[in-house]
């Protein structure tokens, strides 16, 4: 949390600053009481999902068998179905040579314990000769986030990528396998004003009801945070058509932005579903570190690390707390080697399961990893690297 958010005076302020400085010097990472963590990487199972060159799929666009997850499997969503964790992950085939040039599809994997997964041999969401072809072909369906309503309808937000403009699309399902595509979420809002601007990375607001994490409303409306460079917001009454939150000039209202000399100095990209807590709303996001003088030199240039920001429940556009260092950063070998060589822990799936929080993330845009937070016995977050 930024120190400027709390007013301290006299000896108490000096003592706390001194202790904080000592902790920073030793590489300790101390989370504020409102934050989630630390998350512990599951031992001897990571990465939990890796490319599979044997899986073949009859692509409806080319009418050919393709190795739909032969190249990379990463950036996962997660939810619970029938007492199992289901991970929906982005896969890439071998049709291109660099990031953004291959076709992406969404794969399905399920687990009894959240650690060992059984995968379907075919994708569950992919470009096809349907109403979304113009938005999804040839780039595909990327980077899903998923949550469930109180009545059991699963809602997936994903990037529709036609290699021209990335747009947020939405699809719904009752079983996480058969999906109904509803198309771009901003098509109708403000007479289509924001329809053709690049937009991605939607984090819908959720809450815990008993042991079940469900989509929540604020003042009768569904709420989401979204965005890649800055964090914005949007509301909906039906989960399909969304209206961006704008300022008094009718432009997108920026809620948080990159900070010079911090781990999130280049991008602040929304992560898994946001969560209502008794302290406020926690948004988990992916911070990209600037590679030049504007970045935090303790972290690799262009690396993606995981942050948290606390928004007010009374005013969900108002940030009242923010981590100054990431709670999760690229440390393991599989998080620092792959098609994204600068290192990535790209968080997109967070699910409450058996009284623990399971966090699923993309590793160097190549594989899927998992880390677990036990609220009853919290572990330390990732240490801060020393200069």
Original post:
What length, rounded to one decimal in nm, is gained on full extension from residue 190 through to residue 312, with 0.36 nm per residue of separation minus their alpha-carbon distance?
Top reply: 41.3 nm
Original post:
Ordered by packing density, taken as the mean number of other Cβ atoms within 10 Å over each peptide's residues, highest first, how do 136-146, 75-85 rank?
Top reply: 136-146, 75-85
Original post:
Once the convex hull of the C-alpha atoms of region 183-244 is built, how many Å³ does it hold per residue, rounded to a whole number?
Top reply: 96 Å³
Original post:
So how tilted is helix 10-25 from the main axis of the chain? Cα-based, degrees 0 to 90, rounded to 10.
Top reply: 50 degrees
Original post:
What nm value, rounded to one decimal, do you get for the distance between residue 230 and residue 341 when each label is placed 7 Å out toward the C-beta?
Top reply: 3.4 nm
Original post:
With the calculation restricted to Cα positions, what are the radius of gyration and Dmax of region 273-387 in angstrom?
Top reply: 14.7, 44
**OP:** Compute the semi-axes of the equivalent ellipsoid of region 323-387, taking the square root of 5 times each eigenvalue of the Cα gyration tensor, and list them largest first in whole Å.
**Re:** 22, 16, 8
Subject >> Pair residue 44, residue 253: separation of 7 Å Cα→Cβ label points (nm) >> reply: 5.1 nm
**OP:** At 7 Å along the Cα-to-beta-carbon direction for both residue 379 and residue 61, put a label point, then send me their distance in nm to one decimal.
**Re:** 3.9 nm
**OP:** Express in nm, to one decimal, how much length is gained between residue 121 and residue 52 on full extension, taking 0.36 nm for each residue of separation and deducting their alpha carbon distance.
**Re:** 23.9 nm
Original post:
If all Cα-Cα distances of region 31-373 are sorted into 20 Å bins from 0 onward, what percent lands in each bin, rounded to whole numbers?
Top reply: 33, 62, 5
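Every number in this text was worked out from the coordinates using simple rules, so none of it is lab data. Here the structure is a predicted model, which is why all the values come from computation and not from measurement. Counting neighbours? That spans all protein chains shown, and the Cβs are built from the backbone with ideal geometry, glycine included.
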